[in-house]
Amino acid sequence: MRLLLVEDDERVAAALVAVLGRHGFQVRHARSGHEALDALVPDGNEPYRVVLLDLGLPDRDGFEVCSRIRAHSGVPVIMVTARADVRSRIHGLNLGADDYITKPYDMGELLARIHAVVRRWPAAGAGPEPGDQPAQPGPLESRGVSIDRERRRVSVDGRDVPLTRKEFDLLALLAQSPGVVYRREQIFSEVWRSGWEGNGRTLEVHIGSLRNKLGLPGLVEAVRGVGYRLIAEQPAAGPAATEPGR
């Protein structure tokens, strides 16, 4: 399994390459953002299954590198950094990172996180994971929204709408059962594979970004104290029982 390590500290990289190699990974070490982006250009070889991305790179910020990767590739990205503040974590996830782990970390935990994202996102052509369910875009056609789960693409009135990985997963989850309320805990379990506690702001940010990108503020509705649901039809005016600004 190929893995791209983006790390400018030679001592840290050498230790990681040695440990990852013992666990069966074929590691390419990129020392800068530019080198990392070059490494991800398709060259006929087996694609990388995951990218470990440090944020403090010598030529450009790791956030910019993540954004550029996500614009052209669906490869899972795990940010591995000393930046432990919540704002950086939320920003990284909003840019499309699949996970975020802070230094110093336990090597066993890092390996577990790598295997977790690889299980969720099999290599192209490997087929769906057991238990995968196709999205059901039919009920949304009346509002011009189309979801292609296989290609991970969304369009509104025929216009492609670029979404981050988490935004797409969030929309696809809610679209499986329009009108059904998904609890916050369930959303985090399904989309982030983590617990809800302490992550409320992250979900609100993703919901807000999804509404803005689709241009349909009423498509995803907040149900006070419970969670969110997708509204396939334009709701009629009535008593306010939701949190439209959340």
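Taking label positions 7 Å along the Cα-Cβ direction at both VAL180 and ALA112, the computed distance is 2.9 nm, reported to one decimal.
Residue separation of ARG60 and ARG22 scaled by 0.36 nm, minus their Cα-Cα distance, works out to 10.6 nm of gained length. Solvent-accessible surface (1.4 Å probe) assigned to VAL226 amounts to roughly 50 Å². Put the Cα centre of the stretch 55-95 next to the Cα centre of the stretch 1-52 and the gap is 15 Å. Across the stretch 5-14, coupling constants 3J(HN,Hα) worked out from phi with the 6.51/-1.76/1.60 Karplus curve, θ = phi - 60°, read 9, 10, 7, 8, 7, 5, 5, 4, 5, 4 Hz, and Gly and Pro carry x. Amide H contacts of VAL145: ASP157, each under 5 Å away and 5 or more positions distant or on a separate chain (H built 1.01 Å from N in the peptide plane; Pro and chain starts excluded).
The values are calculated or read from the model by the stated rules, or taken from the named source; none is laboratory data. Just so it is clear, the structure is predicted and the values come from calculations on it, not from any experiment. Counting neighbours? That spans all protein chains shown, and the Cβs are built from the backbone with ideal geometry, glycine included. Heavy atoms of the whole protein, side chains included, go into the accessibility calculation; ligands, DNA and RNA do not. Shrake-Rupley method; radii C 1.70, N 1.55, O 1.52, S 1.80 Å.
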